[in-house]
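What follows is a short report on a single structure.
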Amino acid sequence: MQNKQRFSPRVTVLAFATALALTGCGNKNGQQGPQTGPLEVGVLTLQTDSVPLIRELPARTSALRVADVRPQVGGVVVKRLFQEGGVVKAGQPLYQIDPETYRAAYEQAQANHAKAQANLTTARLKAKRYAELVEIKAVSSQEFDDARAALQQAEADAAATAAAAKTARINLNYSTVTSPITGRIGKSSVTEGALVTANQPTALATVQEIDRMYVDLTQSSSELLKLRHDFEAGRVKNGAGQAKVKLILEDGSEYREMGSLAFSDITVDPTTGSVLLRAVFPNPRHELLPGMFVRARLEQGIASNAIQVPQQAVTRTPKGDAMVLVPDSQGKVTPRIIKVAGTVGQNWLVTDGLKAGDQVIMDNLMKIRPGMPVKTVPYKPAAPAAQK
C-alpha cells in the first residue's frame, strides 16, 4: 500500500508532462488541425442582359479596284513616265510607245478625208446644177440621175475617210498609255526599248485603289442558318443600321478604323461549305495592303435576355458536354449540363441549362465533388497581381 502511494504522484506528473508536450507539438509553428464543417465556395448569381453576338472569322484583304495596264497598240516603248510604287491619277500618262508610225497614219487619213471632202463639194455642185437643167430639159434625166448617184458616192467616201481619220487619231492617242484609275501603281514589267503588242496577255503594270479596301470573310452555311433561325425565333435581334466589322491585324493589334458589311454572297462554296461575306474599310494611311490575312470581328445581332457564365466555371464531361457546378437547396454540390453558343469576351453565352437567379460555383472547383456540402459566399474575383 505504501508503494502505491509512493508512485501515484509520479504517474500524475508524467501524464501531465506528456499532455503538455503533445499540446506543444500540435501548436508548433502555429499549425491548426484539419478544418471541420462545409468547404466555403464563392458563387456567382446569374442575371440576364442584352449581348451583341460577335463572330470572329478569317478574312483576306483586297483592293477596292484593280486595273491591269495593257497597251492597245503595238510598238516600242520609248519612255516610262511614272515612279514604281507611287500614286497615279486616272488619265495620267504611264508609258510612251513610239508614236511616229501612228502620227504618219493619222496625217495620211486626214489628207484622204480632205480629198474626199473636195470631191463631195464638186459632186454636190454638179447635182444642184443638173437639178435646175433637167427642169428645162437642158440635160437628160439619165445625166441627172448619174449626178445624184455621184453625190451619194462622194458623201459615202467623205464619211469613210472621216472614220478612218478618227481611228488613226485614236491609235495615235493610244501610243501614250495612261492609267485607267487613280491608285497606287506596282512594279513595271517592261523597260524602255521593249516591244509590246496590242492587248497582250502580260500587263505592263497594275494600279490598285487602296484608299478603301475590301475584306472578304468566310462563314459556314450552318452558322448562317442557325443565325437565321435565331432571328425568326426572336432569340436574336437585328442591330440598328449596317453591321459593323472590326479587324485584328496579323501582329495581333486592332485596326483603328471601323468597317461595314457590304453584302453576303448567295452561293455556298461546294468545296468548303462556306459563304463569302464582304466588308468595306477606309484605309487613309494605307496600313492595309492587298492580300493580307486578318481576323474580322463581325457583329451579327443582339441576343436579348442572354445569360453569360465565366469560362473558369465551365468544365467538360467525358462526352464533351459543357457542365457547371451549382449548389442545390440543401447546400450540396450538383452538376448541371448546359448548352453554350460561343464566347462573349471571357464568358460563355449559355442557351440552355441555366436561368436568371441560378448560382454557379466559381472557385475551389478542384476540391469539391458532386454531393459534397458547401458553404456559399458571394464570389469576389481575385485582384490582379501587383507589377514589380
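Taken together, the values in this text are just the output of simple stated rules run on the coordinates, not laboratory data. The model shown is predicted, which means the values in this text are computed figures rather than measured ones.
For segment 161-171, 3J(HN,Hα) computed residue by residue from phi via the Karplus equation (6.51, -1.76, 1.60; θ = phi - 60°) reads 5, 5, 5, 5, 5, 5, 4, 5, 5, 5, 4 Hz, glycine and proline entered as x. Structural descriptor for segment 99-173: relative contact order 54 percent, calculated from alpha carbon pairs under 8 angstrom and at least 6 residues apart. Shape class for segment 99-173, computed from the alpha carbon gyration tensor (a ≥ b ≥ c): prolate, with a/c not under 1.5 and a/b above b/c. Note on segment 99-173: lysine pairs with Cα distance below 19 Å, sequence gap of 8 or more or different chains, count 4. Under the shape rule built on the C-alpha gyration tensor, where the axes satisfy a ≥ b ≥ c, segment 35-140 is oblate, since a/c reaches at least 1.5 while a/b does not exceed b/c. Whole Å is fine, so just give me how far the alpha carbon centre of segment 364-379 lies from that of segment 46-99. One Cα centre to the other: 60 Å.
Past the 29 Å Cα-Cα mark, which pairs from 319/355; 89/244; 246/319; 246/339? In this structure, 89/244; 246/319 lie more than 29 Å apart at Cα. Amide H to amide H, with H built 1.01 Å from N, residue 204 comes under 5 Å of 69, 70, counting only residues 5 or more places away or on other chains.
The stretch between residue 328 and residue 166 holds 49.2 nm of extra length on full extension. This uses 0.36 nm per residue minus the Cα-Cα distance.
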